[in-house]
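See below for the structure under consideration.
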Amino acid sequence: MQRKHPLWFLLPLALLLPLAACSGQAPAADAPQEAAAYTLAPYTPTAQEETLLQAYELTQDNAAAFTFQNPEQDLALYVQVYRLGEDGAWQSAEEVSAGLVLPPQGEGLVTLQLEDSGAVVTRTLYDGSLQAGGAGPLSGAEAAGARVKLFLSQAQPIQEDVPIPLALLVYGEDGDNDALAALTLEDYFTPENLTGLGQVQVVTATFSAAGL
């Protein structure tokens, strides 16, 4: 039986500490325009943070963290979990949704935790506020013979109301399926092409002005 870690909710706080020192640093005047873009990007833990994560049995295979800087406007950040339906369309799988309203240029952290059961826990941290969400176990996930886990690996520009896929997860029985090896995060935008691969779920982050 997989052990649960009740102190996992403290880890985003530990991971965010190094960001506090960087959040007040403005881009250099002669920096390229691309460097000043508002993005959501993977966060690379320090060696000390890696040791802390390993102590809780969290690795690059079952946990991920992402930093963000909100554009120059008030936006809400929604981190959502979807599962692929039999009709080839994404269906919300959230038991609890995680979202935060961010001020202009607000910086923060998003973390994902994946369970062997297929459950996903999402956490969004900004300025001391922590919002948790996620989806429950996925039927048959633990018995699946093949798994694909893809995480966002490059910084993505933030565009209002345009979802950014953070993770694409496939639980299937055919480990020799060439289609599994060819998957990318961009396949989120064409879910109809993911049918027949097994059970599929995705985690997205969306910056939106809707509902503010």
Item checked: Cβ-Cβ under 8 Å pairs, at least 6 apart or on other chains, region 52-76 side over 22 Å from LEU150 (Cβ atoms) and in a helix (DSSP H, G or I), far side hydroxyl-bearing (Ser, Thr, Tyr) and open to solvent by 20 Å² or more (accessible area, probe 1.4 Å) -> none
Check: Residue check, GLY99 against (1) outside any loop (DSSP other than H, G, I, E, B); (2) at pLDDT 90 or above, all met but one. Which one?
Finding: (2)
Check: Can you tell which of GLU142, GLU192, GLU160 is within 30 Å of GLU49 (Cα to Cα) and charged (D, E, K, R)?
Finding: GLU142
Check: From the set of residues in region 102-136 that are in a strand (DSSP E or B) and farther than 19 Å from ALA64 by Cβ, which is modelled with the lowest pLDDT?
Finding: SER129
Check: Can you tell me how many residues in region 94-136 are among the small types (Gly, Ala, Ser), farther than 24 Å from GLN60 by Cβ, in contact (Cβ under 8 Å) with a residue 12 or more places away in the chain and open to solvent by 30 Å² or more (accessible area, probe 1.4 Å)?
Finding: 2
Item checked: Given (1) among the polar types (S, T, N, Q); (2) open to solvent by less than 20 Å² (accessible area, probe 1.4 Å); (3) in a loop (DSSP other than H, G, I, E, B), index of the condition SER139 fails -> (2)
Checklist line | Residues located in region 187-212, provided they are under 16 Å from the mean Cα position of the chain (by Cα) and acidic (Asp, Glu) | finding: ASP187
Next item on the list: Write out, first by first residue and then by second, each pair whose Cβ atoms fall under 6 Å of each other, whose residues are 6+ apart or on separate chains, and whose first residue, in region 80-93, is part of a loop (DSSP other than H, G, I, E, B) while the second is open to solvent by 40 Å² or more (accessible area, probe 1.4 Å) and of a type in the set (Lys, Arg).
Entry: ALA93/ARG83
Checklist line | Looking only at region 142-152, and only at residues there that are part of a strand (DSSP E or B) and open to solvent by less than 80 Å² (accessible area, probe 1.4 Å), the one that is modelled with the lowest pLDDT | finding: ALA146
Note to self: With the requirement that a residue be of a type outside the set (Gly, Ala, Ser) and either open to solvent by less than 20 Å² (accessible area, probe 1.4 Å) or in a loop (DSSP other than H, G, I, E, B) (or both), what does region 192-209 give you?
What the structure shows: LEU194, THR195, LEU197, VAL200, GLN201, VAL202, VAL203, THR204, THR206, PHE207
Next item on the list: Working carefully through the options ALA181, ALA155, find the one that is small (Gly, Ala, Ser) and more than 21 Å from TYR38 (Cα to Cα).
Entry: ALA181
Item checked: Matching residues in region 153-190 - criterion: being part of a helix (DSSP H, G or I) and at pLDDT below 95 -> ASP178, ALA179, LEU180, ALA181
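The values are calculated or read from the model by the stated rules, or taken from the named source; none is laboratory data. Everything quoted here is computed from the prediction, not taken from an experiment. For neighbour counting, all protein chains shown are included, and Cβ atoms are generated from backbone atoms with ideal geometry for every residue, glycine included. The protein model used for the area step is the full one, side chains on, heavy atoms only, and it has no ligands, DNA or RNA in it. Shrake-Rupley method; radii C 1.70, N 1.55, O 1.52, S 1.80 Å.
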